[in-house]
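Colleague: Before I ask anything, let me first share the structure, which is written out below as structure tokens.
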Amino acid sequence: MAVETNENREALHTVSGLIRARDEGRTLEARALICDSGHNLIVDLDCMRGIIPREEGALGIEDGSARDIAVISRVNKPVCFKF
């Protein structure tokens with residue numbers, strides 16, 4: 001799913017849209033705005049901001065096989081997520 005699709009934009013536009021997407025198990029996409037001091041990604045959900053925890057920001061972060069740069073490099077790029 002791309003950030004600019006109508007379906008994705010509608011889901012991000014309201015809290016009820018986000019809840020509906022969660023209940024349907026849909027994967028959404030939003031732009032990562034910043035990486036905080038804990039290396040969590042802050043994403044723009046249109047109707048609010050969301051947090052992707054560091055351990056979920058990139059494959060291999062949790063087990064140590066990837067470095068934090070894998071998360072940091074996602075800033076200002078679209079990222080996929082589920083609730």
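Colleague: Once the Cα atoms of helix 15-24 and of the chain are each reduced to a long axis, what angle between those two axes, in degrees from 0 to 90 to the nearest 10, is obtained?
Modeller: 80
Colleague: Same structure again: Which of 37, 18, 65 sits closest to the plus end of the dipole of the chain, meaning its Cα is farthest towards the positive end, when Lys and Arg get +1 and Asp and Glu get -1 on the C-beta?
Modeller: Checking the options against the dipole of the chain, the answer is 37.
Colleague: Next question. For residue 31, enumerate residues with amide H under 5 Å from its amide H, sequence gap 5+ or separate chain, H modeled in the peptide plane.
Modeller: Close amide H contacts, sequence-distant or interchain: 44, 79.
Colleague: Among 43, 71, 15, whose mean-square fluctuation peaks in a Gaussian network model of the chain (Cα, cutoff 10 Å)?
Modeller: Looking only at 43, 71, 15, the largest GNM fluctuation is found for 15.
Colleague: Treat every Asp and Glu Cβ in the chain as -1 and every Lys and Arg Cβ as +1, leave all other atoms uncharged, and give the resulting dipole magnitude about the Cα centre to the nearest 20 debye. Don't jump to the answer; show the numbers that get you there.
Modeller: Working: 11 positive and 14 negative charges, 24 e Å.
Dipole of the chain, to the nearest 20 debye: 120 debye.
Colleague: Right, here's the next one. Which whole-number percent is the relative contact order of region 20-82 (Cα, under 8 Å, 6+ apart)?
Modeller: Values: 99 pairs, mean separation 24.5, N = 63.
Value for region 20-82: 39 percent.
Colleague: Positive end of the charge dipole of the chain (Lys, Arg +1 and Asp, Glu -1 on Cβ, about the Cα centre): tell me which of 8, 76, 52 has its Cα farthest that way.
Modeller: The Cα lying farthest towards the positive end belongs to 76.
Colleague: Using helices alone, I'd like the mean residue ellipticity at 222 nm for the chain: each DSSP H run of four-plus residues gives -39500 (n - 2.57), total over residue count, nearest 500. Don't skip to the answer; put the middle values down first.
Modeller: Values: 3 runs with 22 residues, N = 83.
Only helices count here, giving -7000 deg cm²/dmol.
Colleague: While we're looking at this one, here's another question. Where does the longest stretch of the chain lie that holds no trypsin sites (Lys or Arg not before Pro) found in a DSSP loop with 15 or fewer other Cβ atoms within 10 Å? Kindly include the intermediate steps, with their values, before the conclusion.
Modeller: Details: sites that count: 26, 67, 82.
In short, 27-66.
Colleague: Rounded to whole Å and sorted largest first, what semi-axes of the equivalent ellipsoid does the C-alpha gyration tensor of the chain yield via the square root of 5 times each eigenvalue?
Modeller: Details: eigenvalues 110, 31, 23 Å².
Whole-Å semi-axes of the equivalent ellipsoid: 23, 13, 11.
Colleague: Which whole-number value in Å² is the accessible area per residue of the chain, probe 1.4 Å?
Modeller: Values: 5270 Å² over 83 residues.
Spelled out: the 1.4 Å probe surface of the chain, per residue, equals 63 Å².
Colleague: Let me ask something additional. Using a 10 angstrom cutoff on alpha carbons, build the Gaussian network for the chain and name the most mobile of 73, 37, 16.
Modeller: Maximum among the listed residues: 37.
The values are calculated or read from the model by the stated rules, or taken from the named source; none is laboratory data. Just so we're clear, the structure is a prediction, and the values are computed from it rather than from any experiment. Positions of Cβ are backbone-derived with ideal geometry, glycine not excepted, and every protein chain shown enters the neighbour counts. Accessible surface is based on the protein model in full, side chains and every heavy atom, while ligands, DNA and RNA are left aside. Shrake-Rupley method; radii C 1.70, N 1.55, O 1.52, S 1.80 Å.
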